[in-house]
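Below is one structure, written out as structure tokens; the observations come after it.
The values are calculated or read from the model by the stated rules, or taken from the named source; none is laboratory data. Here the structure is a predicted model, which means the values were calculated and not measured. FYI the Cβ positions are ideal-geometry reconstructions off the backbone, even for glycines, and counts take in every protein chain you see.
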Amino acid sequence: MATHHHISIVKTGSVAVVLFAVTLLALQFPKNTGNIAGALLGGILPALVWLWFWLKEDKAHPEPKRIIFLAFAFGMLGVPFAVLFEKLAMNQIGAITFTLFLLWAIIEESIKYAAARLSGLQSKYFDEPIDAVMYLISAALGFAALENVFFVFSSIMDGGFADALVTGQLRFVGASLLHVAASALVGFSIAFGLCETRWKKWTYHIAGLLTAISLHTVFNYLIMKSNGEHLLNIFALLWVVIIVIIILFEKIKRSQCKITL
């Protein structure tokens, strides 16, 4: 009975998230329903593919689907707040600079962390180190999903579906992986600090966030500075981080730390 209840929540919640995204776009662009559908398809489906991929890392003791969905949904809901704060930062600085990229990274990483904390990190299901990583990744992919929708929709409006396809592929490989990599590093920092003292735990939290913010800032800055050149080299660096994350997954799975709430 519990399993059916969880599946029902996931299905209902998934519909709610899609409707939220459709409504948000429809209010902004009421005459482009077809383009909105295309943007949703190109933005959300790749994020769900990545979510499926990473959830396989926690096959031994998988988290309840409703908690994973909640982290994903909270990540999506964080995008409008990120857009608002990033516009305020842009207005204050007035130019595309390294400082602006740093502020944007702080905003996005903080919002993704908050999404994971409000959903899974404070739930009774957070009972082993790997859970922290799964909640952070789920929140990151929710954030990436709605962010991708807006980028793909913008590409459709500017250049048609061909440009949107290219944008979607780049977002799938680049931006989505960046969000996953940065948030996963936060998750691992939390996981490795779980059995430490209270102050050490918060030290791990802060170290993880600072590492994620640094990765996010440097990656975006390099993309901007490259002007479309050396993209393969920049993405290669990101893939190195992903390989490190996969290795850390294997390490954290062997952790003997148990959480008592």
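Only one of the listed residues (Val15, Val49) is at pLDDT below 90, within 30 Å of Phe188 (Cα to Cα) and surrounded by fewer than 15 Cβ atoms within 10 Å (Cβ to Cβ). That residue is Val49. Inside the range 242-256, residues that are touching a Phe, Trp or Tyr at 6+ places or on another chain (Cβ under 9 Å) and either modelled with pLDDT of 85 or more or on the phi > 0 side of the Ramachandran plot (or both) make up a count of 5. Taking the criterion of being in a helix (DSSP H, G or I), more than 17 Å from Ala116 (Cβ to Cβ) and of a type in the set (A, V, I, L, M, F, W, C), the only residue of the range 184-214 that qualifies is Trp199. Criterion first (modelled with pLDDT of 90 or more, crowded, with 17+ Cβ neighbours inside 10 Å, in a helix (DSSP H, G or I) and not hydroxyl-bearing (Ser, Thr, Tyr)) does Ala164 satisfy it? When the stated conditions are applied, Ala164 does not pass them. When the range 110-125 is limited to residues that are assigned to a helix (DSSP H, G or I) and among the small types (Gly, Ala, Ser), the one that is modelled with the lowest pLDDT turns out to be Gly120. Has the range 204-219 got at least one residue that is within 22 Å of the chain's Cα centre (by Cα) and at pLDDT below 80? Looking through the range 204-219, none of the residues is within 22 Å of the chain's Cα centre (by Cα) and at pLDDT below 80. Being at pLDDT 90 or above and farther than 20 Å from Ala132 by Cβ: is that true of Phe72 here? The answer is no for Phe72.
I'd like the residue in the range 93-106 that is in contact with a Leu (Cβ under 9 Å, 6 or more places away or on another chain) and within 18 Å of Gly208 (Cα to Cα) and, out of all such residues, is surrounded by the fewest Cβ atoms within 10 Å (Cβ to Cβ). Step by step, filter the range 93-106, then rank; the result is Ile106.
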